[in-house]
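The values are calculated or read from the model by the stated rules, or taken from the named source; none is laboratory data. Just so we're clear, the structure is a prediction, and the values are computed from it rather than from any experiment. Here the Cβ is made from the backbone with ideal geometry for all residues, glycine too, and neighbour counts use every protein chain on show. Keep in mind that these areas ignore ligands, DNA and RNA; they rest on the heavy atoms of the full protein, side chains included. Shrake-Rupley method; radii C 1.70, N 1.55, O 1.52, S 1.80 Å.
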Amino acid sequence: QVRLVESGGALVQAGGSLRLSCTASGRTFSSYVMGWFRQAPGKEREFVAAINRSRRTYYSDSVKGRFTISRDNAKNTVYLQMNSLKPEDTAVYYCAATEKYGDYTVIDLYDYWGQGTQVTVSS
């Protein structure tokens, strides 16, 4: 069982930056693929970014070049650095973890989820 706790969400102006953090419980953090997803009001949850065990990264087209995912296995933490934020980035951001192999952009691949952190970008 893995417990995930996100932090770092805030209200920020367009063009600004935020860094989200997600800290996991347990001793096997390095064995998990970690992902970030987001859900805007009235919309389905969507993939944002993922990082696998060997630190290969994956991004949605909407955030590529603006967001960076990274992990610190010694701290059991995954980060999402978000730059050049846009109003359309406004959403609740969720951290997720899986030990499975597959398409890391797919929600159903992930077994563990955090409670979410709100990111609001004002225009």
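Worth pointing out:
- Of all residue pairs spaced 6 or more apart or on separate chains, those with beta-carbon atoms under 9 Å, a first member in region 108-122 that is closer than 13 Å to Arg3 by Cα and open to solvent by 50 Å² or more (accessible area, probe 1.4 Å) and a second member that is modelled with pLDDT of 95 or more and among the small types (Gly, Ala, Ser) are Asp111/Ala96; Asp111/Ala97; Trp113/Ala96; Trp113/Ala97.
- Arg66 vs. criteria under 30 Å from Ser123 (Cα atoms), basic (Lys, Arg) and open to solvent by less than 20 Å² (accessible area, probe 1.4 Å): no
- Some residue of region 40-61 being among the acidic types (Asp, Glu) and out of contact with any Phe, Trp or Tyr (no Cβ under 8 Å at 6 or more places or on another chain): yes
- Of the residues Val5, Val78, the single one that is surrounded by fewer than 15 Cβ atoms within 10 Å (Cβ to Cβ) and in contact with a Gly (Cβ under 9 Å, 6 or more places away or on another chain) is Val5.
- Restricting region 44-61 to residues that are more than 14 Å from Ala24 (Cβ to Cβ) and open to solvent by 60 Å² or more (accessible area, probe 1.4 Å), the residue that is farthest from the chain's Cα centre (by Cα): Ser54
- Cβ-Cβ under 6 Å pairs, at least 6 apart or on other chains, region 48-68 side under 14 Å from Ser84 (Cβ atoms) and modelled with pLDDT of 95 or more, far side part of a loop (DSSP other than H, G, I, E, B) and open to solvent by 30 Å² or more (accessible area, probe 1.4 Å): Arg66/Asn83; Arg66/Ser84
- Residues that are in a loop (DSSP other than H, G, I, E, B) and at pLDDT 95 or above, drawn from region 1-24: Arg3, Gly8, Gly9, Ala10, Ala14, Gly15, Gly16, Ser17
- Output for region 80-119, where each listed residue is touching a helix residue (DSSP H, G or I) at 6+ places or on another chain (Cβ under 9 Å), within 19 Å of Ser62 (Cβ to Cβ) and outside any loop (DSSP other than H, G, I, E, B): Met82, Ala96, Val119
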